[in-house]
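Chemist: Handing you this structure, nothing more for now.
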Amino acid sequence: MMRRKQPDRFEKALERGKYLFHIHTDWTDGISSLSEYCEAAKKLGFKAIILLEHIRKRCSYNFDAFFKLAQQQESKHDVEIVVGVEAKVLPDGTVDMPDSIYSQIEVLGIAEHSFKGDAGMLAKALYQAVSWCRELGFPCVWVHPGLGLLHTYNDRLAFQKIMDVALCNGLYIELNLRYNLPPEWALNKIPSRSIVVGLDAHSVEEVRSLARKVLDEEIMF
């Protein structure tokens, strides 16, 4: 597995604010193109787009071409584009992504949805995954946290334990505006410096509808 320290463009984008985090394009299950997102971001006053494109170990698209497109669109539109991926946690505690892209991505979103197993298996897999993140040379974010442990299994105790482990290992926690996760009782326990406001957007229409809320939440955190 190739690991290297990535430039901290992700952290700097968070510090500056006015970022769009967790964007899916028409390269996977999104509707809008990256160019359309760039145009919308500029009109709405956002300075950076942080992509979290879906990925699998058997990638369904040419990631090198996707990465190159992101660089081209960044230059064309004068909007910073941080390239990241969203990968599911697998039952063995690894994440569903190919080793070949580690040298390119700048942020990894770890997701617990579509997990094959019970609550105990999910909690164990998440524990292994978030602990492993410490070894990586780029930031990791627990995205839509609780979508499995809370929404599917209603295991509040396991969720809180994984949250504690994630924070101890330096993960960011997404405030996901699509699913309103994590719940308020958990959000109140997370240091503001560890929170990333995420849209989980699949179209520019969703970005437009949530733009004001995104900016307001970013100011709060």
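The values are calculated or read from the model by the stated rules, or taken from the named source; none is laboratory data. The structure presented is a predicted model; accordingly, all values stated were derived computationally and were not measured. Counting neighbours? That spans all protein chains shown, and the Cβs are built from the backbone with ideal geometry, glycine included.
Chemist: Output the residue which, of all residues in segment 128-165 that are among the small types (Gly, Ala, Ser) and in contact (Cβ under 8 Å) with a residue 40 or more places away in the chain, is farthest from Asp118 (Cα to Cα).
Modeler: Gly137
Chemist: Still on this structure, please answer the following. Of the conditions (1) under 26 Å from Leu215 (Cβ atoms); (2) modelled with pLDDT under 95, Phe10 fails just one. Which one is it?
Modeler: (2)
Chemist: List pairs: first in segment 177-203 and on the phi > 0 side of the Ramachandran plot, second surrounded by 12 or more Cβ atoms within 10 Å (Cβ to Cβ) and part of a helix (DSSP H, G or I), Cβ under 9 Å, 6+ apart or cross-chain?
Modeler: Final answer for the pair search is Asp200/Glu206.
Chemist: Next question, about the same structure. Could you go through segment 111-124 and let me know if any residue there is polar (S, T, N, Q) and modelled with pLDDT of 95 or more.
Modeler: Looking through segment 111-124, none of the residues is polar (S, T, N, Q) and modelled with pLDDT of 95 or more.
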